[in-house]
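J.: Handing you this structure, nothing more for now.
The values are calculated or read from the model by the stated rules, or taken from the named source; none is laboratory data. Remember, predicted model here, so these are calculated numbers, not experimental data. Don't worry about glycine lacking a Cβ; one is built from the backbone with ideal geometry, like all the others, and counts go over all protein chains shown.
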Amino acid sequence: MSARIIDGKAIAADLRARVAEAVRKLQEDGGPTPGLATVLVGDNPASETYLRMKRKKSAEVGIESFAHELPADSSQEEVEALVEQLNADSRVHGILVQLPLPDGLDEEAVLSKVQLEKDVDGFHPINIGRLAQKGRDPAFVPATPMGIITLLKHAGADLDGANAVVVGRSNIVGMPVALLLIRENSTVTVCHSHTRDLPGVCRTADVLVVAIGRAEMVRRDWIKPGAYVIDVGINQVDDSSRKRGYRLVGDVAFDEAVEVARAITPVPGGVGPMTIATLLQNTLTAAERAR
Ligand code: NDP
């Protein structure tokens, strides 16, 4: 059996086209141009690349970007003051504070300053808290986890009652995706670096979401035949045959997993594009609500 490849690129392109159409309609109806402010503290090259991509895709769908960069040695007060300034700016509907922040800055305190209505990344402690509670709805759900659920549904996974295993428990991927799967009525197991018999636990998964940041760690015999596999990891491995000297691989050994799974996301071209498209969707929603 060879798995269906879940084409995140195509699914994301479709979502972006729908966002572009809705932005056009919003403006036609006299609404605002959606605005996304990005805050980068320090000069982490990976963060700079992610933000460049986010701004490029924003422009393509008609969302205006407001890029703010602060030096790595900025004080807590300076970062929080910028967030407050963006809260007060009516052209800005969504605020994205690029994580991680440099050492010494209190991430939770910064994220807490973001106005709930502008928290398009969904990382405000109140939004995350609501996500974890039954009967409460966050203003926004974090983009990568939401994108993962979209991909699973698109692939036809029946999440209701499924055994879902999430490998990784980070604040930005593992934990919120586990919370979303619980909301979808899956039975969820969350694994991490202390999990005993990780391959055995993964083998129980009808739905396996892997977000660990370890190149090709999940092998063929970790995967239950017919499982839906979402590979969140992005890892660089040396490859002298490539001009840039490396290639990107996921946390799952794709060539092995593809022979066992029912459906699987590739890296690149799986979760990554969905993260950005979902962020754009959240920014549009923020602008629609602001109206
Ligand atoms: P973190 O480093 O914050 O978290 C990694 C998690 O994996 C931790 O919970 C850790 O366990 C667990 N882990 C690490 N090693 C092992 C191991 N050997 N066995 C079991 N569990 C392990 O990473 P992120 O969640 O931020 O990111 C994960 C991956 O996803 C990265 O490759 C990142 O680049 C990628 N990513 C991709 C995105 C996209 O849009 N495609 C968006 C965000 C991230 P413990 O808690 O015990 O330390």
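J.: Within the set of pairs 6+ apart or on separate chains, which have a first residue in region 185-206 that is on the phi > 0 side of the Ramachandran plot, a second that is away from the ligand (no atom under 11 Å from the Cβ), and C-beta atoms under 6 Å apart?
T.: These pairs meet every condition: Asn185/Asp160.
J.: Just for region 129-153: of the residues that are part of a helix (DSSP H, G or I) and out of contact with any helix residue (DSSP H, G or I) (no Cβ under 7 Å at 6 or more places or on another chain), which one is nearest to Asp231 (Cα to Cα)?
T.: Per the stated criteria, the residue is Leu152.
J.: So, one more: Kindly indicate which of Leu82, Leu152, Leu86 is under 25 Å from Thr49 (Cβ atoms) and buried (at least 22 other Cβ atoms within 10 Å of the Cβ).
T.: Checking each option against the conditions leaves just Leu86.
J.: A follow-up question, please. Of everything in region 228-256 that's more than 16 Å from the ligand (Cβ to nearest atom) and closer than 19 Å to Leu198 by Cβ, which residue is surrounded by the fewest Cβ atoms within 10 Å (Cβ to Cβ)?
T.: Glu256
J.: Right, Gly200: assigned by TED's automatic domain parsing to the domain that holds Asp160, under 29 Å from Val114 (Cβ atoms), out of contact with any helix residue (DSSP H, G or I) (no Cβ under 7 Å at 6 or more places or on another chain) and not in a strand (DSSP E or B) or not?
T.: Spelling it out, it is not the case that Gly200 is assigned by TED's automatic domain parsing to the domain that holds Asp160, under 29 Å from Val114 (Cβ atoms), out of contact with any helix residue (DSSP H, G or I) (no Cβ under 7 Å at 6 or more places or on another chain) and not in a strand (DSSP E or B).
J.: Out of curiosity, is Ile182 surrounded by fewer than 18 Cβ atoms within 10 Å (Cβ to Cβ) and either under 20 Å from Pro100 (Cα atoms) or modelled with pLDDT of 95 or more (or both)?
T.: In short, yes.
J.: Moving on. Consider Thr189 against the criteria (1) touching a Phe, Trp or Tyr at 6+ places or on another chain (Cβ under 8 Å); (2) surrounded by 14 or more Cβ atoms within 10 Å (Cβ to Cβ); (3) not in a loop (DSSP other than H, G, I, E, B); (4) not aliphatic (A, V, I, L, M): it satisfies all of them except one. Which criterion is unmet?
T.: Unmet for Thr189, out of (1) touching a Phe, Trp or Tyr at 6+ places or on another chain (Cβ under 8 Å); (2) surrounded by 14 or more Cβ atoms within 10 Å (Cβ to Cβ); (3) not in a loop (DSSP other than H, G, I, E, B); (4) not aliphatic (A, V, I, L, M): (1).
J.: Would you please name the residue that is surrounded by the fewest Cβ atoms within 10 Å (Cβ to Cβ), looking only at residues in region 192-224 that are within 9 Å of the ligand (Cβ to nearest atom) and hydroxyl-bearing (Ser, Thr, Tyr)?
T.: Ranking the qualifying residues of region 192-224, first place goes to Ser193.
J.: Restricting to region 99-115, count the residues that are assigned to a helix (DSSP H, G or I) and either touching a strand residue (DSSP E or B) at 6+ places or on another chain (Cβ under 7 Å) or under 18 Å from Ala287 (Cα atoms) (or both).
T.: Of the residues in region 99-115, 2 are assigned to a helix (DSSP H, G or I) and either touching a strand residue (DSSP E or B) at 6+ places or on another chain (Cβ under 7 Å) or under 18 Å from Ala287 (Cα atoms) (or both).
J.: Additional query: Can you tell which of Val267, Val260 is within 11 Å of the ligand (Cβ to nearest atom), buried (at least 17 other Cβ atoms within 10 Å of the Cβ) and part of a loop (DSSP other than H, G, I, E, B)?
T.: Being within 11 Å of the ligand (Cβ to nearest atom), buried (at least 17 other Cβ atoms within 10 Å of the Cβ) and part of a loop (DSSP other than H, G, I, E, B) holds for just one of Val267, Val260, which is Val267.
J.: What single numbered condition from (1) surrounded by 15 or more Cβ atoms within 10 Å (Cβ to Cβ); (2) free of Cβ contacts under 8 Å to residues at least 24 places away in the same chain fails to hold for Asp119?
T.: Result: Asp119 fails condition (2) only.
J.: Further, regarding this structure: How do the pairs read when you match residues in region 247-261 that are closer than 10 Å to Glu216 by Cα and in the same structural domain as Gly233 (by TED's automatic domain parsing) with residues anywhere that are hydroxyl-bearing (Ser, Thr, Tyr) and assigned to a loop (DSSP other than H, G, I, E, B), using Cβ under 8 Å and keeping only pairs 6 or more apart or on different chains?
T.: Hits for this filter: Gly250/Thr265.
J.: Another one. Which ranges mark the helices (runs of 4 or more DSSP H) fully within region 1-98 that have 1 or more residues being closer than 24 Å to Ile148 by Cα and in contact with a Ser or Thr (Cβ under 7 Å, 6 or more places away or on another chain)?
T.: 8-28, 45-60
J.: With respect to Ala46, is the statement that it is on the phi < 0 side of the Ramachandran plot, touching a residue at least 24 places away in the same chain (Cβ under 8 Å) and not acidic (Asp, Glu) true?
T.: No, not satisfied.
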